[in-house]
Amino acid sequence: MRLESKVAIVTGAAGGFGSEIGRIFAREGASLVLADINHRAAESLANELKAQGTKVVAVSVDVGDEKQVYAMVNRAMSEFGQVDILINNAGMGRGARIQDITLDDWNQLLRLNLTGTFLCCKAVIDHMIARGYGKIVNMASICGQTARPVGVDYSASKSGIIGITRTLALQVAPYGINVNAIAPGPVATQIFERNWPKETVDKLKSTIPFKREGTPRDIANAALFLSSDEAGWITGEVIAVNGGAFIG
Ligand SMILES: NC(=O)c1ccc[n+]([C@@H]2O[C@H](COP(=O)([O-])OP(=O)(O)OC[C@H]3O[C@@H](n4cnc5c(N)ncnc54)[C@H](O)[C@@H]3O)[C@@H](O)[C@H]2O)c1
């Protein structure tokens, strides 16, 4: 098993990508902190995995709230005594024109996608430095790498996540900590149905040369690789998982 004796925090763990990451990490032997603002759904996944023998806790967290983020990391430490892996996956999307994005909309999205990533990295980093080991995987997007028909708030947040990934990777490499990002192309999860009109989704999907939609498994497999010791000499990297939709 590739994550045996490792402890992983997964944010947005109740969602499409997060729940698949939770299942694959459990199968690979990790102990898990499933963190989500949707506590009921995170708890239901935790019960499913517990029944299969995984050590797991569900934690209710708003990743944009510093106190709650530190409480989440403290819970991981008190429950398991270490944090080896952080998957910064919680996020939301939007497809509006710039004229239709209010300042409140902008602040709400940036708070979740970008500030949430910053706070979670900040809260785990001293624990990882103390052990001289850590893997951080941030969920960026194809929309942070190149132009796509989405909201500027979303693309700004995902470009920002790529910036955090590269700069933090440089800062913490001397402590044995890898920081990488995944840039998924379009994958049908609730984020799509909830936030983008069908026309935008169809436009995004039409750009995939592999002629199939991505699946949460495609994304979770990349998260597993980047969280494993097989990726030990990779840092500051953005792995595109997009069926060829953007080859940069
Ligand atoms: N689905 C795609 O095509 C796609 C493509 C590129 C990037 N992404 C990114 O992947 C990540 C996961 O997306 P998904 O498709 O699984 O979406 P999803 O909507 O299925 O899951 C998102 C999860 O985040 C949780 N969440 C929302 N606000 C939160 C908060 N304040 N604190 C903690 N948790 C919160 C939700 O409850 C949900 O469980 C997001 O960051 C998204 O931007 C998705």
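If the reach is capped at under 17 angstrom between alpha carbons, list the aspartates and glutamates near Lys67, excluding any in the same chain fewer than eight residues apart.
Straight-line reach from Lys67, under 17 Å: Asp36, Asp126.
Tell me the trypsin sites (Lys or Arg not before Pro) within the stretch 75-123 that lie in a loop according to DSSP and have at most 15 other beta-carbon atoms within 10 Å. The partial results should precede the final answer.
Values: sites: Arg75, Arg94, Arg97, Arg111, Lys122; in loops: Arg94, Arg97.
Those satisfying the criteria are Arg97.
Could you point to the residue in Gly64, Ala147, Ala46 farthest towards the positive end of the chain's charge dipole, with +1 and -1 charges on the Cβ of Lys/Arg and Asp/Glu respectively?
About the Cα centre, the residue reaching furthest to the positive side is Ala147.
If you build the Cα gyration tensor of the stretch 7-241 and take the root of 5 times each eigenvalue, what three semi-axes come out, in whole angstrom, biggest first? Walk me through the numbers before you get to the answer.
Details: eigenvalues 142, 73, 65 Å².
Computed over the stretch 7-241, the values are 27, 19, 18 Å.
May I ask you to derive the relative contact order of the stretch 39-160, considering only C-alpha pairs under 8 Å and at least 6 residues apart, and to give it as an integer percent? Intermediate results must be reported in sequence, preceding the final value.
Working: 139 pairs, mean separation 34.7, N = 122.
Computed value for the stretch 39-160: 28 percent relative contact order.
Within the stretch 28-66, which GluC sites (Glu not before Pro) sit in a loop by DSSP and count at most 14 neighbouring Cβ atoms inside 10 Å?
On the way: sites: Glu28, Glu43, Glu48, Glu66; in loops: Glu28.
Listed in order of number, the matching sites amount to none.
What list of ³J(HN,Hα) values in whole Hz, one per residue of the stretch 94-103 in order, does the Karplus curve 6.51 cos²θ - 1.76 cosθ + 1.60 (θ = phi - 60°) give from phi, with Gly and Pro shown as x?
Here the 3J(HN,Hα) series is 7, x, 6, 5, 4, 5, 9, 8, 7, 4 Hz.
Go through the stretch 227-239 residue by residue and turn each phi into a ³J(HN,Hα) via Karplus (6.51, -1.76, 1.60, θ = phi - 60°); whole Hz please, and just put x for glycine and proline.
8, 9, 6, 4, 9, x, 10, 10, 8, x, 9, 10, 8
Compute the accessible area per residue over the chain, keeping the other protein chains in place, probe 1.4 Å, unit Å². Walk me through the intermediate numbers first.
Values: 11170 Å² over 248 residues.
Per-residue value: 45 Å².
Can you flag which of Lys6/Lys50; Lys122/Lys203; Lys158/Lys205 are past 25 Å Cα-Cα?
On the way: Lys6/Lys50 16 Å; Lys122/Lys203 36 Å; Lys158/Lys205 19 Å.
Beyond 25 Å: Lys122/Lys203.
Do you know the relative contact order of the chain, to the nearest whole percent, from alpha carbon pairs under 8 angstrom that are 6+ apart?
Averaging sequence separation for qualifying contacts and normalising by length gives 20 percent for the chain.
Could you calculate the contour length gain from Gln171 to Glu4, that is, 0.36 nm times the residue separation minus the distance between their Cα atoms, to one decimal place in nm? Don't skip to the answer; put the middle values down first.
On the way: separation 167, 0.36 × 167 = 60.12 nm, distance 2.70 nm.
Full extension of this stretch gives 57.4 nm more.
The values are calculated or read from the model by the stated rules, or taken from the named source; none is laboratory data. None of the values given here were measured: they were computed from a predicted structure. Cβ sites come from the backbone with ideal geometry, for glycine too, and all protein chains shown count toward neighbours. For the accessible areas, the whole protein counts, side chains as well, though only heavy atoms, and no ligand, DNA or RNA atoms are used. Shrake-Rupley method; radii C 1.70, N 1.55, O 1.52, S 1.80 Å.
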